[in-house]
1. Just checking, how many residues over segment 43-62 are of a type in the set (A, V, I, L, M) and without any contact (Cβ under 8 Å) to a residue 40 or more places away in the chain?
2. Search segment 74-109 for residues being within 13 Å of the chain's Cα centre (by Cα) and among the small types (Gly, Ala, Ser), and hand back the single one that is nearest to residue 21 (Cα to Cα).
3. Out of 87, 37, which single residue is without any contact (Cβ under 8 Å) to a residue 40 or more places away in the chain and of a type in the set (Ser, Thr, Tyr)?
4. Taking segment 50-85 on its own, how many of its residues are surrounded by 18 or more Cβ atoms within 10 Å (Cβ to Cβ) and in a loop (DSSP other than H, G, I, E, B)?
5. Would you say residue 175 is out of contact with any Cys (no Cβ under 8 Å at 6 or more places or on another chain), touching a residue at least 40 places away in the same chain (Cβ under 8 Å) and under 18 Å from residue 126 (Cα atoms)?
6. With the requirement that a residue be crowded, with 18+ Cβ neighbours inside 10 Å and either modelled with pLDDT of 95 or more or of a type in the set (D, E, K, R) (or both), what does segment 120-129 give you?
7. Just one of 165, 178 is modelled with pLDDT of 75 or more and part of a helix (DSSP H, G or I); which is it?
8. Within segment 8-31, take every residue that is buried (at least 24 other Cβ atoms within 10 Å of the Cβ) and part of a loop (DSSP other than H, G, I, E, B) and give me the one that is modelled with the lowest pLDDT.
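The values are calculated or read from the model by the stated rules, or taken from the named source; none is laboratory data. Computed from a predicted structure; not experimentally measured. We place every Cβ from the backbone using ideal geometry, glycine too, and count neighbours over all the protein chains shown.
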Amino acid sequence: MDDSVEQPSAVRAGAGTGSTDTVLVVVRGPSGAGKSSTAARIRSAYGRGLAIVGQDLLRREVLRERDVAGGANIGLIGLVASHALDSGFHTVVEGILDAGRYGAMLTDLVAGHRGRSFLYYLDIGFDETVRRHATRPLSAEVSAEQMAGWYRPLDLLPGGVEHVIGEDSTLDGTVTRILTDTALTPPGWSPRL
């Protein structure tokens, strides 16, 4: 999907998680797309008061669970994100978060959030994911062949609710876009160009 196509700016809900002041950001995409780096930079730019809920941390480190349909990590991600929002934290949920397995949880999380929710998909081609993956320590444990089994091109959630950011966007460009879209810009912040 072309990034220049107009996407919804925010999804507004109203049920019961968080407050009208909290912001929920979901950053999805294939392995090596820069999701964790994007979340870390958002928090670095914003400062305290922003929680990161990482799929890899909860699934692989906390639960040591394989990524399977109905896995315990799916509910845990939703629970941790909801708790952070209810505690007044702006929250970034990041991970591959395959639409088939995590879509219902993400849809419920957004629908239940009283504040503004922004969803992003980092659209990175397979060759680029492999190139980026080779620079990470995890590359010693996970082969390109294994990654090929996980790769889902343009694995978007239904309803056109995600902003698609292409692989031509730099990390700084992606972070600046998300901070600008969400207005998660503390006083004195200016984008690095």
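1. 3
2. 81
3. On the way: 37 fails: without any contact (Cβ under 8 Å) to a residue 40 or more places away in the chain.
Answer to the check: 87.
4. First, the residues of segment 50-85 that are surrounded by 18 or more Cβ atoms within 10 Å (Cβ to Cβ): 50-55, 58-59, 67, 73-74, 76-78, 80-82, 84-85.
So of that shortlist, the ones also in a loop (DSSP other than H, G, I, E, B) come out as 67.
Of the residues in that region, 1 qualify.
5. Numbers: out of contact with any Cys (no Cβ under 8 Å at 6 or more places or on another chain): yes; touching a residue at least 40 places away in the same chain (Cβ under 8 Å): yes; under 18 Å from residue 126 (Cα atoms): no.
The answer is no for residue 175.
6. Here is the first cut: in segment 120-129, the residues crowded, with 18+ Cβ neighbours inside 10 Å are 120-124, 129.
Scanning segment 120-129 gives 120, 121, 122, 123.
7. It is 178.
8. Per the criteria, the residue is 30.
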